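Please find one structure pasted underneath; my questions will follow.
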Amino acid sequence: MDVSSQQSTERKRRYKELLNDLKKQNDIDHNFSVDDLVKLQRNIEINNEIHEENATAMKESHNNNAEILMDAHVLKGFHEVISKMFVESSGFNDAAYAHALNSFINRSEKSDWDILANIAMEVNKAVYTKSSMLGAADIEPRERLTKERQKRRPKTSTQEKRPEVIGKLKRKDRGAEKINIILKQVNDLYKANNCRPIPFYKLIIDPENFMNTVENAFQISFLARDGNIAIERGEDSYPQIRVANSDEVKSKMETTQAICSLNVELFEKMKTFYGIEESMLVVPEDEDSSDENEHSETDDINVQ
């Protein structure tokens, strides 16, 4: 049990003690003594202390529902005990007050509330106010303009026309080409490592460029999806990669998904952990945007 749980248990115990004391004081038949009032004052101070501790704990954790409920019961108990003390000490009784008020306004056959109103007017002081010199505000109602609904124009059916000549730039599938290049590099690196698994982060990290590292991880995920490589847990508890054999590729029936977090902090940590000085993978760059701009006219559909 942590410190916060121990403190919560202690506050609940003190709440229970207050509830027991309030129940005993509420069951008293005789008038309250000086000792009872002193004890009641002390219980109020204790409750204030517990309430402040509970308020501080609520800022740290929002799981004090039981203490909030017990605090509400304690406040209700204080209200009942103090109300009973006032009634017994002052001799005030709701039923007697209602009976006296009823007798006062029912002196005749009908109830006359004007008698009570006349007494109230004698002790009441009217508030003198000055009328406004500007007069009442003259506000004209705003006219509501109704807008005519526009008629819906029927759509004219037109004959479908297709372009006579379409010219497009033939492009190679750069994504598939990248995957094939990465697969060949992984195979060469795996053989150069005596067919031993290669650490995942050591394979994908480019120490000079974090975005290249993300790109490498993205391409490796496609190889794992297609069953060309296997990702396993290494001796250092980090993932490692090996090339899947032909039997594993043929027996692959379904896709298994896994999540790998990669951020700059982990990037720097793994770079230091494996002592990476240069990237193991060399991903071919895409065509420059300038080349794409030069051939943009052939990329689009041209109609002659």
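For the stretch 7-89, with all protein chains present and a 1.4 Å probe, just round the carbon and sulfur fraction of the accessible area to a whole percent.
55 percent
Sticking with this structure for a sec: Ignoring ligands, DNA and RNA, what accessible area per residue does the stretch 7-89 give at 1.4 Å, in Å²?
67 Å²
How charged is the neighbourhood of ARG14? Take every other residue with its Cβ under 13 Å from the Cβ of ARG14, and add Lys/Arg as +1 and Asp/Glu as -1.
-4
When the accessible area of the stretch 174-274 is computed with all protein chains present and a 1.4 Å probe, what percentage of it is carbon and sulfur?
Here it works out to 52 percent.
Under the rule of at least 5 residues apart or a separate chain, name every residue whose amide H is placed under 5 Å from the amide H of ILE229.
Correct list: ALA224, ALA244.
Something else now. Counting only other residues whose beta carbon sits under 15 Å from that of GLU278, what net charge do I get with K and R as +1, D and E as -1?
-1
Additional query: What size of dipole, in debye to the nearest 20, comes out for the stretch 174-274 about its Cα centre when the only charges are +1 on Lys and Arg C-beta atoms and -1 on Asp and Glu C-beta atoms?
On the way: 13 positive and 14 negative charges, 45 e Å.
The calculation lands at about 220 debye.
Would you mind getting me the FRET efficiency between LYS110 and SER83? Use the beta-carbon distance for r and R0 = 41 Å, nearest 0.05. Could you put the intermediate results ahead of the total?
Values: r = 35 Å, r/R0 = 0.85.
After rounding, the FRET efficiency stands at 0.70.
Which net charge results for the neighbourhood of PHE78, defined as the other residues with beta-carbon distances under 13 angstrom from its beta-carbon, given Lys and Arg at +1 and Asp and Glu at -1?
+1
Compute the distance from the alpha-carbon center of the stretch 194-246 to that of the stretch 9-47, in whole Å.
Cα centres, the stretch 194-246 to the stretch 9-47: 69 Å.
Given +1 on the Cβ of Lys and Arg, -1 on the Cβ of Asp and Glu, and no further charges, what dipole in debye does the stretch 7-89 carry about its Cα centre, rounded to the nearest 20?
Taking the Cα centre of the stretch 7-89 as origin, the dipole is about 200 debye.
Another question, if that's okay. Using Cα pairs under 8 angstrom and six or more residues apart, how large is the relative contact order of the stretch 7-89, in percent?
Relative contact order for the stretch 7-89 comes out at 54 percent.
Which whole-Hz couplings ³J(HN,Hα) result when phi for each residue of the stretch 211-227 is put into the Karplus expression 6.51 cos²θ - 1.76 cosθ + 1.60, θ = phi - 60°, listed in order with x for Gly and Pro?
5, 5, 4, 5, 5, 5, 4, 5, 5, 5, 5, 5, 5, 5, 5, 7, x
The values are calculated or read from the model by the stated rules, or taken from the named source; none is laboratory data. Model, not experiment: these values are computed from the prediction. Glycine gets a Cβ as well: all are built from the backbone with ideal geometry, and neighbour counts include every protein chain shown. These area figures cover heavy atoms from the full protein model, side chains too; ligands, DNA and RNA do not enter into them. Shrake-Rupley method; radii C 1.70, N 1.55, O 1.52, S 1.80 Å.
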